[in-house]
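The values are calculated or read from the model by the stated rules, or taken from the named source; none is laboratory data. Just so it is clear, the model here is predicted, and its values are computed rather than measured. Neighbour counts run over all protein chains shown; Cβ positions are idealised from the backbone, glycine included. Ligands, DNA and RNA are stripped out before the accessible areas are found, and what is left, the full protein with its side chains, is counted by its heavy atoms. Shrake-Rupley method; radii C 1.70, N 1.55, O 1.52, S 1.80 Å.
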Amino acid sequence: MPRNSSRKGPSNSATSTNSSSAVDLFRSATGKAASKELERIDQLFFSYANNSSGLIDPEGIESFCSDLEVDHTDVRILMLAWKMQAEKQGYFTLDEWRRGLRALRADTIVKLKKALPDLEKEVRRPSTFEDFYTYAFRYCLTEEKQKSIDIESICVLLDLVLGSRFGPQVDYLVQYLKTQTDYMVINMDQWKGFYRFCTEISFPDLSNYDPDSAWPWILDNFVDWMRAKQG
């Protein structure tokens, strides 16, 4: 009969200890990396923040956009604000900045530049875009208890967020909004109606538009205006 080996393998206890040590080392390294990333994100924030307010204000955002090589009116800046869930137009808090940049895994301007194309893809997904579209309206409510936005600003915002996807619809809608005199401001319900119109209604023939389908009146008026133009 073969002799049993006198050498013993590692005990379960030793294996468990080694495994725990490896996990602890991994967690420690991960924690240190995350801490360093957050430190760099904070340093980037304070390079643009106003020393007295502790916020990135319009002047800081202008400087940030310059370094990012993106115009401050570019829709990608609005997308960044959405990713941060920024509450006040023209201002970023440290918490908002951290939220956005950590989600994008960007702790430098170079990394942020590289992250922009993926951010655009994320926003353009149908499952995401409606949330971004709604956010864009809320972000433009600059006064406390404000619930509507003036026509001129709405026209700019429509072109910014929908113009690249629904160019013909937006062009005619903006033309109508600028010439009509019944509405001086637009509320959230009307704003959402514009997006629903662009995604659901055949354009420019408007063949499936049903005024009895709970559309905002401003869209009933727009369709009447369009049909009058078409003769």
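In this label model, E130 and E87 are separated by 2.6 nm, measuring between points 7 Å along each Cα→Cβ vector.
Ignoring ligands, DNA and RNA, what percent of the accessible area of the stretch 32-149 is carbon or sulfur (1.4 Å)?
Ligands and nucleic acids excluded, carbon and sulfur reach 46 percent.
Given R₀ = 41 Å, what would the calculated FRET efficiency be for N187 paired with T108, taking r from the Cβ atoms and rounding to 0.05? Efficiency at R0 = 41 Å is approximately 0.50.
The residues of the stretch 102-159 expose, per residue, 59 Å² of accessible area to a 1.4 Å probe. Here the Karplus curve 6.51 cos²θ - 1.76 cosθ + 1.60, taken at θ = phi - 60°, turns the phi angles of the stretch 121-128 into couplings of 4, 4, 5, 6, 4, x, 5, 10 Hz, with x standing for Gly and Pro. Principal semi-axes of the equivalent ellipsoid, √(5λ) from the alpha carbon gyration tensor of the chain, are 52, 25, 14 Å from largest down. Measuring r between the beta carbons of D71 and K145 and using R0 = 35 Å, the FRET efficiency lands at 0.65. Does the stretch 124-189 come out rounded, prolate or oblate, given a ≥ b ≥ c as the square roots of the eigenvalues of its C-alpha gyration tensor, rounded meaning a/c under 1.5 and, failing that, prolate meaning a/b above b/c? Cα axes put the stretch 124-189 in the oblate bin. In terms of packing, defined here as the mean over residues of other Cβ atoms within 10 angstrom, the peptides 102-114, 134-146 line up highest first as 102-114, 134-146.
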